[in-house]
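Note sheet for the following structure.
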Amino acid sequence: MTLRKFLLSILCLSFALCSLGQTIDNNQIKQDTIPSITKEIIQKTKPHSPGRATLYSTFLPGLGQVYNKQAWKIPIIYGGIGTAVGFAIYNYQGSHKFMTEYRLRANGITEGRNPDYANFPDESIYNLYYAYEKNFELSIFAGAAVYILNIVDAMVYGHLFDYDISPNLSLNLTPYCLPSINSKPSFGLSMRFNLK
């Protein structure tokens, strides 16, 4: 019995000495834990708000994307809005030009008419005015659509900002076979979700 206690105490002492043989680098601990601790504290005190991102994008397009840390979307947003505004200005000027020409012709006034349109019939002038007016309205709708998509994008990504995408999330599909005594075996597919 004493030999068994002696061997057990030597075994425990050797495990204790082996565990004391590892050295811990204090600089490594300080560098690894302090930034992660401060990030956790900052995230706990100031959570990411999807409502704030939505309001930012409502008041200034692209500001919600900056808040969501997606500043690369700003040129796309302003490119879409700028293109829509450019088409709207071009089509408004065209519709105004043809509307003036049509009104002068409808009232029988020859002074102020554009000589370039002298060979165009009245119906063609009206059709050109109508086409430019429709394109102007479509340009306004396109600009509004880009503005609304900017707000929706900021809101959706604001909700997905803290979404965990890690390798610990997985789906495993495994085929299976259930034997049966009276009938044919059942074949199928089982799904298993692994979450952290």
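The values are calculated or read from the model by the stated rules, or taken from the named source; none is laboratory data. Note that the coordinates shown come from a computational prediction; the quantities given were computed from them, not determined experimentally. For neighbour counting, all protein chains shown are included, and Cβ atoms are generated from backbone atoms with ideal geometry for every residue, glycine included. Each accessible area value is taken on the protein alone, full model and side chains, heavy atoms only, with ligands, DNA and RNA left out. Shrake-Rupley method; radii C 1.70, N 1.55, O 1.52, S 1.80 Å.
Points to keep in mind about this one:
- Listed conditions (1) under 30 Å from Thr54 (Cβ atoms); (2) open to solvent by less than 90 Å² (accessible area, probe 1.4 Å) are all met by Ser124, apart from (1).
- Of note, Thr174 satisfies the criterion of being surrounded by fewer than 13 Cβ atoms within 10 Å (Cβ to Cβ), touching a Ser or Thr at 6+ places or on another chain (Cβ under 6 Å) and free of Cβ contacts under 8 Å to residues at least 40 places away in the same chain.
- Where a residue in the stretch 143-161 is within 12 Å of Thr54 (Cα to Cα) and its partner, wherever it lies, is open to solvent by 60 Å² or more (accessible area, probe 1.4 Å) and of a type in the set (Phe, Trp, Tyr), with Cβ under 8 Å and at least six apart: Ala154/Tyr56
- Search result, residues across the stretch 53-70 that are surrounded by fewer than 16 Cβ atoms within 10 Å (Cβ to Cβ) and either in contact with a Gly (Cβ under 8 Å, 6 or more places away or on another chain) or not in a helix (DSSP H, G or I) (or both): Leu60, Lys69
- Here is the figure for the stretch 87-120: residues that are of a type outside the set (S, T, N, Q) and either open to solvent by less than 40 Å² (accessible area, probe 1.4 Å) or not in a helix (DSSP H, G or I) (or both) total 14.
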